[in-house]
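A short reminder: the numbers here are calculations on the coordinates, not readings from a lab. Being a predicted model, the structure only gives us computed values, none of them experimental. All Cβ positions, glycine included, derive from the backbone under ideal geometry; neighbour counts span all protein chains shown.
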Amino acid sequence: MTEPIADSATEELLDLTVVVNGVPRHAKAPARRLLSDFLRHDLRLTGTHVGCEHGVCGACTVLVDGQPMRSCLMFAVTAQAHEVTTVEGLGAIDSMGPVQQAFIECHGLQCGFCTPGFLTTITAYLEDHPHPTADEAREAISGNLCRCTGYQNIVKSVLRAAELRAERAGTTT
Amino acid sequence: MKPAPFVHHAPRSVAEAVGVLAQVGPEGKVLAGGQSLIPILNMRLASPAHLVDINQVAGLADVVVTGTEVRIGALVRHAQLEHHDEAYAALPLLRQALVNVAHPVIRNRGTTVGSIAHADAAGEMPAVLALTEGVVEAVSAGGTREIAVADFFEGALETSLGADELVVGVRFRRFAEGTGTAFMERARRHGDYAMAGVAAAVRVEDGVVADARLSFVSVTDVPRTLDVTSAFAGQEPDAVDWSAAADLVAGAIEPDGDIHATAAYRAMLAAELSRLTLAAAAARSVALQQHLSDSEGPAA
């Protein structure tokens, strides 16, 4: 007789609490729940997209304590110790973040599948590098795949986002 | 593309972690940054019954620089070590190699010690540990042992670690004063696994090459140091033909071919990168010697 394969009926569910976009969010999920699936399936925050599920494409990138990380390469149970920011936390339709605004202005997306990963990655990058060159912008997005734009407009978006950040900082000080 | 079920353990101390490992034995796997392990779990290339998640273990996230070594704990992320200025000053090879480890986002989460324990022949940091003749610190319920790098790596993805052992840190040995280092690799796309990579350390003393060593990425099963001093000893760095170690390199590597590169192409890359890294390391050594003699003032 072979061992039965554990499934959701027999698998232990953990009470998980992860702070997402500043709000503690609870759900029950097994230990093997990836953070990406926890966000999408359990919390219904479908802004984070899941592409390759092995860390290559960058679509699922979220900010963990402000640092961009692959949510498909992290378990929700581990994320409990951290604050997670998803694309939903970067701005709203009537109050876009500078990177979101720049992507609209520069046509930095077509189908939009990869976009959440770019937005989170670039938002964190500009915190540390507020005035990148085009080459630096290209390097900054080297871990994210886009199959529509050819990257030209994404590089432009990074540079435009840097301008918008500087403009907004100027108007608030 | 979802991991098989496992029992998650979240120990808070090393003692607790090795206690769990002693209980679960070969059914257990240690999770640190997970940037290599979780893809393997997602693809179900491995399905351990127990995951010992050490991310909450206290005291494993320190970088300590001494006169002879750089010691890093098991939770030091690649990015943390890459941006550690004191570690860079003590052992520039660390940053020279780390900027080649995957992409910055992966380096934010992945740990250097985890990469070494994973022992992928395509990993940069195992080759750095080899070139620095480093030491791996392993703890089990039975006690602590130190494993010299020559006794640690046994094959591709294989080490001498026991199933009940946790690597709590590694120590990279600093090179002799005035040693220059360099690291270069070639991949199809920046950030991909390298088709070949080389780390070099060269010491020029009294105007001639006194020591030259290499270690390799992706062209040997086990990272180890190749001493190529004999090809250059006593020669002035400006006059050296840095390809003179090509036969030594060819004898030390055993590249495999795959869809990314043939074995012959990898061998050619390893030879050329050896030439380039040796030259770059020697140039740095000359600059360092110049700086040392300038700061000492006129020779007595």
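Here are the numbers for this structure:
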| quantity | calculated |
| --- | --- |
| Förster radius 22 Å - calculated FRET efficiency between B:Met43 and A:Met96, Cβ distance, rounded to 0.05 | 0.05 |
| Sum of -39500 (n - 2.57) over DSSP H runs of 4+, divided by residues of chain A (222 nm, nearest 500) | -9500 deg cm²/dmol |
| Stokes-Einstein diffusion coefficient of the protein assembly as shown, Kirkwood radius over Cα pairs, 20 °C, 1.002 mPa s, in µm²/s | 90 µm²/s |
| Spin-label pair B:Tyr265/B:Ala15, simplified geometry with 7 Å Cα→Cβ offset, distance in nm | 5.5 nm |
| Kyte-Doolittle mean at least -1.0 and Cα axial length at least 15 Å: DSSP H helices in chain A | A:115-128, A:152-172 |
| Cβ-placed point charges (K, R +1; D, E -1), dipole of the protein assembly as shown about Cα centre in debye, nearest 20 | 1340 debye |
| Max mean-square fluctuation residue, GNM over chain B, Cα-Cα springs under 10 Å, options B:Thr277, B:Thr181, B:Thr229 | B:Thr229 |
| Candidates B:Leu214, B:Leu45, B:Leu131, ranked by Gaussian network fluctuation over chain B, Cα under 10 Å, top entry | B:Leu45 |
| Between 0 and 90°, nearest 10: helix B:14-24 axis offset from chain B longest Cα axis | 60 degrees |
| Chain lengthening between B:Lys2 and B:Asp247 when straightened (0.36 nm per residue, less Cα-Cα) | 83.6 nm |
| Projected label distance in nm at B:Glu205 and A:Thr46, using a 7 Å step from Cα toward the beta-carbon | 6.8 nm |
| At 1.567 mPa s and 4 °C, Stokes diffusion of chain B via Kirkwood alpha-carbon radius, µm² per second | 65 µm²/s |
| Residue-averaged [θ]222 nm for chain B, counting only DSSP H segments that reach four residues, each worth -39500 (n - 2.57) | -9500 deg cm²/dmol |
| Partner chain coverage, peptide B:40-46 - average Cβ within 10 angstrom | 2 |
| Residues of the range A:97-120 with amide N under 15 Å of a point placed 7 Å along Cα→Cβ from A:Gln152 | A:106-110 |
| Label-point separation in nm, B:Arg173 to B:Gln235, each point 7 Å along Cα→Cβ | 2.6 nm |
